[in-house]
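*Asks:* One structure, as structure tokens, below. Some questions next.
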Amino acid sequence: MKKVVHAACPHDCPDACGVLITVEDGRATKIQGDAAHPVTRGFLCAKVAKYLDRVYSPDRVLYPMRRIGPKGPVAGERSFAPHGRPRAAVPTQAESAPAWRRISWDEALDEITARFRAITCEFGNEAILPYSYGGTLGALNGASMDRRFFHRLGASQLDRTICSAAGEAGLKSVYGVKLGTEPEQFKHSRYIIAWAANIHGNNVHLWPFITEARRSGAKLVVIDPYRTRTAACADWYIPINPGTDAALALGMMHVIIGKNLHDADYVSMHALGFEQLRQKVKEYPPERVAQWTGIAADDIRKLAREYATTRPSVIRLNYGVQRSEGGGMATRAIAMLPSVIGSWKEVGGGLQMSTSEAFELNGDALKRPDLMKSALDREARVINMVELGRVLNTTNDPPVKALFVYNSNPAAVCPNHNEVIRGLQRADLFTVVHEQFFTDTTDYADIVLPATTFFEHKDLQKSYGHYYLQMSEQAITPLGECRSNVEVFRALAQRMGFEDECFRESVDEMIDTALDSGDPWLRGISRDRLEAEGHVRLNFEAELRSAGQPGAAVPTQAKMAPAFLPFAKGNFRTPSGKAELYSEALKAQGLDPVAEFVPPVESRHGSPKRSFPLELLARKADNFLNTTFTNVPSVQEMEEVGLLEMHGSDARTRNIADGDWVRIFNQRGEMRLKARVDGTVQPGVVAARLHWAKLSPGFQSINALTSEKLTDMGNSATFYSVLVEVELAKS
Ligand SMILES: Nc1nc2c(c(=O)[nH]1)N[C@H]1C(S)=C(S)[C@@H](COP(=O)(O)OP(=O)(O)OC[C@H]3O[C@@H](n4cnc5c(=O)[nH]c(N)nc54)[C@H](O)[C@@H]3O)O[C@H]1N2
Ligand SMILES: Nc1nc2c(c(=O)[nH]1)N[C@H]1C(S)=C(S)[C@@H](COP(=O)(O)OP(=O)(O)OC[C@H]3O[C@@H](n4cnc5c(=O)[nH]c(N)nc54)[C@H](O)[C@@H]3O)O[C@H]1N2
Ligand code: SF4
Ligand SMILES: [Mo]
């Protein structure tokens, strides 16, 4: 029996690839990209191409487990190959026997609900904290039954800020909505700026469209403090000092407006506050901006001129820029650029940071926030996920007594790692982790529950990098006793005696519920149609007709849909309906209503007396996905880990040579890494990659160095505003 099943990659990646899984006699034997998907076009990234190794890994969690050993990683489980690269040394279920005892689902659910009841009685419902993020972005397994359960329980709410909240706040302060240029349109662009966008590493399906554009003469400019593979291929690579992008964008607008290169018609019809912006950017002449950004004034002028005059020009802004203290304002300032030059009118113009808010599923019906009323007479308190370390270690009313982790690995990904670990070690904290693997976080769990992968459950898949909704079918039966997030929270609700109808909704009914939102862009997109077609482009047709957008003017290609230009005729979703270059809402928050550059405190311009001289970029690995895939041997082969990349001049003054072990440290923590002097960073900047702590020297995550400080807007994490010092390690 052989069949091919259509699925969609649910990992936290803008591409949301169309996937085909071949199943023979119940076992998946092949994974490939779906060639019919108009954006992801039949190829997968290198890590997901190896997905069979992940699904059938001997290291999968397959059964519910109860801790019988002490919390924390078990020494001796790790080993290093002679060249310093960790081998796959994750405890298998057999090896980890001393730490764990296999239990039944009934025992696990009984124990969890008994503990939850006791904690609720003594400390109140909000002593329970759910903790989840991007394990799967499936509409159901990402946020549906889980939310219903925690809302009905009256648990604390989690503010999911660890990734994109600053950028979202910045972008929406200008557009009112997270929409942007379709990736397919990049092939029509003539000037492409990849701004804090590691396209080869994190968004690889955009690359072929850029290649096509360059074949027709487009220029690719990359603005990044780290010389990524994308930067290495660029026509012009502009290294920038970390956290100074707001200054660069304001400096570019200084030049554009000063030289009358802006689109006066577009601005007068569709923007609010142009005069205030004109005044504001006078404070940012290129010479001044050069001092902050490290970019020569002439280059700033050239960049501004080329960007405004080469048409169409487009910006791929990604999330790197908003992981700095001033990340909200930086995103805001960059987001103004296409409105100032009017490039929203052109196919292949505009800007893309995220397309996610085009998918208006019926979120309230999926998540049922109204259920909170059954447990509390008010909204439950909100805890910022970035501050987990602080929250677990300080007195709160009520204290957090139970943590339920799923879709996340906070013991590696959360800032201020040492504080997080200190909190997770608390003997009085009851921790449940629903996982596919024995991660850094399961090392601190009291109970581990086995989770399905996307091969093993059905889901509806949105995207934050394109405009296709997809059906991800279940390809194989769950391995061992794995259950999906939907089924785990359904079972917990039943055990808690929650009788609300929504806990009995089937997966197909939930998909129907999700699609039934009344949003015009979902009109005509039913479960049946998604099951038949795999992927469906959002229904922009009515929109295109009514707005009279120039779909017909697109260079034609067989079967190509008319281009979607979200803001060609304005249509911003701000309070004024215009692109808000001046924002009353920001003013009310005490922020600059136009935009400004404030040097991050943890940066070279932050404080004259700074105690740690180097700026750290604690980046993602090109071949892992945050910390997912880090334990899969065939994926480990592709990524060199344990490195601290530094500039030759910083290495020399510290007597460090390429390949030396170094100690990187600041007031929060320290780590041992191997120096790599390879020209990827400028003087004053060092870079390291996110990884599992237990696969790293000293069981440390690079987040031992990062801080819980929040961004200027959106209360997001500041992984890229970190000061450190580096020294040669004592052998
Ligand atoms: N292979 C792979 N793909 C991924 C992920 C992964 O871990 N690995 N993660 C996924 C997730 S969760 C997300 S959110 C997306 C994120 O995708 P991106 O937004 O591309 O995320 P980052 O890698 O954080 O940052 C992009 C680039 O910004 C640069 N950068 C850092 N600070 C600054 C700065 O101050 N100014 C400028 N101009 N650039 C700066 C970084 O060096 C990096 O090269 O990718 C997703 N895709
Ligand atoms: N230093 C530093 N830290 C960072 C970042 C950085 O660039 N640098 N990036 C930040 C960003 S942008 C993000 S988005 C966060 C990501 O933070 P997380 O979302 O926590 O990311 P992962 O490390 O990929 O962990 C996801 C976990 O979910 C599990 N999982 C996958 N599918 C399922 C499922 O269906 N059910 C259940 N129960 N579990 C599942 C996976 O096995 C994996 O262990 O990290 C942040 N942390
Ligand atoms: S991780 Fe991203 S690029 Fe890789 S298969 Fe999934 S969606 Fe595609
Ligand atoms: Mo992210």
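*Asks:* If you go through the stretch 571-583 one residue at a time, do you hit one that is β-branched (Val, Ile, Thr) and within 28 Å of Pro225 (Cβ to Cβ)?
*Replies:* no
*Asks:* Same structure, new question: Taking the stretch 117-133 as the region of interest, how many residues are under 25 Å from Ser506 (Cβ atoms) and either part of a loop (DSSP other than H, G, I, E, B) or away from ligand 4 (no atom under 16 Å from the Cβ) (or both)?
*Replies:* If we filter the stretch 117-133 for residues that are under 25 Å from Ser506 (Cβ atoms), which is where we start, we get 130, 132.
With the extra rule that they be either part of a loop (DSSP other than H, G, I, E, B) or away from ligand 4 (no atom under 16 Å from the Cβ) (or both), the set shrinks to 130.
The qualifying residues number 1.
*Asks:* Right, another one. Among the residues of the stretch 153-169, is any outside any helix (DSSP H, G or I), touching a Lys or Arg at 6+ places or on another chain (Cβ under 8 Å) and either within 23 Å of Tyr467 (Cα to Cα) or among the hydrophobic types (A, V, I, L, M, F, W, C) (or both)? Before you say what the answer is, go through the steps one by one.
*Replies:* Narrowing the stretch 153-169 to residues outside any helix (DSSP H, G or I): 154-164.
The next check asks that each one be touching a Lys or Arg at 6+ places or on another chain (Cβ under 8 Å); those that pass are 156-157.
Now restrict to residues that are either within 23 Å of Tyr467 (Cα to Cα) or among the hydrophobic types (A, V, I, L, M, F, W, C) (or both): none.
Within the stretch 153-169 (the criterion being outside any helix (DSSP H, G or I), touching a Lys or Arg at 6+ places or on another chain (Cβ under 8 Å) and either within 23 Å of Tyr467 (Cα to Cα) or among the hydrophobic types (A, V, I, L, M, F, W, C) (or both)), the answer is no, since none of the residues qualifies.
*Asks:* Of the residues Leu351, Leu303, which is within 19 Å of Pro239 (Cβ to Cβ) and modelled with pLDDT of 95 or more?
*Replies:* The unique qualifying residue is Leu303.
*Asks:* Checking Phe612 against (1) assigned to a loop (DSSP other than H, G, I, E, B); (2) without any contact (Cβ under 8 Å) to a residue 40 or more places away in the chain, only one condition comes out false. Which one?
*Replies:* (2)
*Asks:* Confirm whether Leu643 is among the hydrophobic types (A, V, I, L, M, F, W, C) and within 16 Å of ligand 1 (Cβ to nearest atom).
*Replies:* So Leu643 passes the test.
*Asks:* Sticking with this structure for a sec: What is the one condition in (1) within 16 Å of ligand 2 (Cβ to nearest atom); (2) of a type outside the set (D, E, K, R); (3) in contact with a His (Cβ under 9 Å, 6 or more places away or on another chain) that Cys233 does not satisfy?
*Replies:* (1)
*Asks:* From the set of residues in the stretch 24-45 that are surrounded by fewer than 14 Cβ atoms within 10 Å (Cβ to Cβ) and in contact (Cβ under 8 Å) with a residue 60 or more places away in the chain, which is nearest to ligand 3 (Cβ to nearest atom)?
*Replies:* If we take residues in the stretch 24-45 being surrounded by fewer than 14 Cβ atoms within 10 Å (Cβ to Cβ) and in contact (Cβ under 8 Å) with a residue 60 or more places away in the chain, then Arg27 is nearest to ligand 3 (Cβ to nearest atom).
*Asks:* What do you reckon, is Tyr237 touching a residue at least 60 places away in the same chain (Cβ under 8 Å) and among the hydroxyl-bearing types (Ser, Thr, Tyr)?
*Replies:* no
*Asks:* Still on this structure, I have one more. Looking at the stretch 379-407, which of the residues that are in a loop (DSSP other than H, G, I, E, B) and touching a helix residue (DSSP H, G or I) at 6+ places or on another chain (Cβ under 8 Å) is nearest to Arg117 (Cα to Cα)?
*Replies:* In the first step, residues of the stretch 379-407 are kept if they are in a loop (DSSP other than H, G, I, E, B); the result is 379-381, 394-401, 407.
Subset that is touching a helix residue (DSSP H, G or I) at 6+ places or on another chain (Cβ under 8 Å): 379-381, 398-401, 407.
Numbers: Glu379: 20, Ala380: 17, Arg381: 19, Pro398: 15, Pro399: 15, Val400: 14, Lys401: 12, Asn407: 24 Å.
Only one residue tops the list, namely Lys401.
*Asks:* Give me the pairs: first residue in the stretch 277-305 and among the hydroxyl-bearing types (Ser, Thr, Tyr), second residue not in a helix (DSSP H, G or I), beta-carbon distance under 8 Å, and six or more apart or on different chains, which are they?
*Replies:* Qualifying pairs under 8 Å: Tyr284/Phe597; Thr293/Ile240; Thr293/Asn241; Thr293/Thr244.
*Asks:* For the condition closer than 30 Å to Gly590 by Cα and either within 22 Å of the chain's Cα centre (by Cα) or crowded, with 17+ Cβ neighbours inside 10 Å (or both), what is the one hit in Lys709, Lys694, Lys620, Lys674?
*Replies:* Sole residue among the options that is closer than 30 Å to Gly590 by Cα and either within 22 Å of the chain's Cα centre (by Cα) or crowded, with 17+ Cβ neighbours inside 10 Å (or both): Lys709.
*Asks:* Follow-up. Only one residue in Asn655, Asn631, Asn623 is touching a residue at least 12 places away in the same chain (Cβ under 8 Å) and in contact with a Cys (Cβ under 9 Å, 6 or more places away or on another chain), so which one is that?
*Replies:* Step by step, each of Asn655, Asn631, Asn623 is checked, and only Asn623 is touching a residue at least 12 places away in the same chain (Cβ under 8 Å) and in contact with a Cys (Cβ under 9 Å, 6 or more places away or on another chain).
*Asks:* Then there is this: Considering only residues that are in a strand (DSSP E or B) and within 8 Å of ligand 3 (Cβ to nearest atom), which ones fall in the stretch 9-23?
*Replies:* Val19
*Asks:* So which of Ala621, Ala657, Ala651 is within 16 Å of ligand 3 (Cβ to nearest atom) and not in a strand (DSSP E or B)?
*Replies:* Ala621
*Asks:* From the list Gly167, Gly217, Gly243, Gly251, which one is free of Cβ contacts under 8 Å to residues at least 60 places away in the same chain and within 14 Å of ligand 1 (Cβ to nearest atom)?
*Replies:* It is Gly251.
*Asks:* Could you give me the residue pairs with C-beta distances under 8 Å whose first residue belongs to the stretch 565-590 and is at positive phi, whose second residue is of a type in the set (D, E, K, R) wherever it lies, and which are 6+ apart or on separate chains?
*Replies:* Taking only residues 6 or more apart or on different chains, the pairs are Gly570/Lys578.
*Asks:* Right, Asn198: under 25 Å from Leu616 (Cβ atoms), in contact with a Ser or Thr (Cβ under 6 Å, 6 or more places away or on another chain) and within 16 Å of ligand 2 (Cβ to nearest atom) or not?
*Replies:* It is true that Asn198 is under 25 Å from Leu616 (Cβ atoms), in contact with a Ser or Thr (Cβ under 6 Å, 6 or more places away or on another chain) and within 16 Å of ligand 2 (Cβ to nearest atom).
The values are calculated or read from the model by the stated rules, or taken from the named source; none is laboratory data. As the structure is a computational prediction, the values presented were derived from the model and not from experiment. Please note: Cβ atoms are built from the backbone with ideal geometry, for glycine as well, and neighbour counts cover all protein chains shown.
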